[in-house]
Amino acid sequence: MQGVLPLLAGAGAEIRSAGKWTGGGQAVRNVLGLYAQVYGQGLGDPKLQQEAKGRDKSFEEFADGRIGILGEGDYFWRDVINPKTGVAKMGTRNQDVGYAMFPAMAPGKGIRGQSFVSMSGGAVTVLNPNTKYPQQAFELLAFMNSPAMTKARTAGTPEITSRTDVNKQILAGDPFLTFVADRILPITAYRPGVAAYPEVSVALQEATAAVVAGKSPEEAAARYGKKLEGIVGGAANVAPADEGPAVGASPGASPGAPRPPPRGPPRVPRRFRRLRMTSGRGRVPPAQGLRVRFRRARWESWPGRRRSGACAGTTPRDSDAEGPPRSWRPRSS
């Protein structure tokens, strides 16, 4: 959730779209190729990626300044490293942790032609269609989601809610959460809310673990594709493999052809590139993102550019992460 899915969105694919699951084609190989680059170049700690408690350890190491980039969501910002109440308190959070939008592989190459992407989970309350008391149930839901109740539920710990009007009030004092609510939610996409997804998530975790352990992205993607077919009921439920550009390849038109203007949100100005890469949650809170601690460092952006700077970020309440690059350790400048 904080790793494979947003990276996949940045490669132009969603894990499930139009009733079809994304198999081990070029988009998945691109994602796994990035994992291979991160861990093959010593930028990430394989143990943190593979340990059962690696996520908790990554929280502590980030707060201690030992991790440069951490893929997480807004929960990480508002709870985990909260200077007052966090489990890994970070007294300098507001000064040292920055953020920026999560880039696609190349401008305009993300899902929906976006240059920046986000992937979200979500929580929802629904009306049971079989209830004998539909009016009362509706009134209860309306009360639970009213402005007054929404503000009461978040009292003391502001968080992104499903109400834009409430967000504008309770997030006013938090620049990061405001950034996510205003800039990230409009471009986010969502993981599938279907029964097969948890098993697919495990298959993705296994694929990333295989790459971290030394398998090639091609081999790991092929194994994932075969396992996916068994999970979702056969190849008929899997989208045909695409033939998009590989990581590091030059996407776009043929040599000499004019390049189309990038679509999606504008590129982040240079002066903001030392801020956090963030993904977010749409109408249902919270957001997710890629975070990096501010340290002068050189790190690899997805399109392959090496830049100075670093960032940090936020996470959802769930922990079904398909294994984000837990610790991207920046090279010294």
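For A13, the residues 5 or more places off, or on other chains, whose built amide H falls under 5 Å of its own are I111.
Two-decimal Rg/Rh of the stretch 6-91 from alpha-carbon positions, Kirkwood Rh?
Values: Rg = 15.9 Å, Rh = 14.9 Å.
Taking Rg over the Kirkwood Rh, I get 1.07.
When all alpha carbon pairs of the stretch 140-181 are counted in 10 Å bins from zero, the resulting P(r) reads 31, 56, 12, 1 %.
In terms of the mean number of neighbouring beta-carbon atoms within 10 Å, the peptides 22-28, 7-13, 139-145, 158-164 order highest first as 7-13, 22-28, 158-164, 139-145. Proximity of backbone amide H atoms, modeled 1.01 Å from N, is registered between W21 and V238, A239 at under 5 Å, excluding neighbours fewer than 5 places apart on the same chain.
The stretch 63-216 has equivalent-ellipsoid semi-axes of 30, 25, 17 Å, by the square roots of 5 times the alpha carbon gyration tensor eigenvalues, sorted largest first. For F102, the residues whose modelled amide H falls within less than 5 Å of its own, excluding neighbours fewer than 5 places apart on the same chain, are V117, T278.
Expressed in nm to one decimal, what extension gain is obtained for the pair V126 and K89 from 0.36 nm per residue of sequence separation less their Cα-Cα distance? List each step's numbers first, then the result.
Numbers: separation 37, 0.36 × 37 = 13.32 nm, distance 3.53 nm.
Here the segment from V126 to K89 would lengthen by 9.8 nm.
Each value in this text was obtained by applying a stated rule to the coordinates, not by laboratory testing. These numbers come from a predicted model, not from an experiment. Using ideal geometry, Cβ is built from the backbone for each residue, glycine included, and neighbour counts are taken over all protein chains shown.
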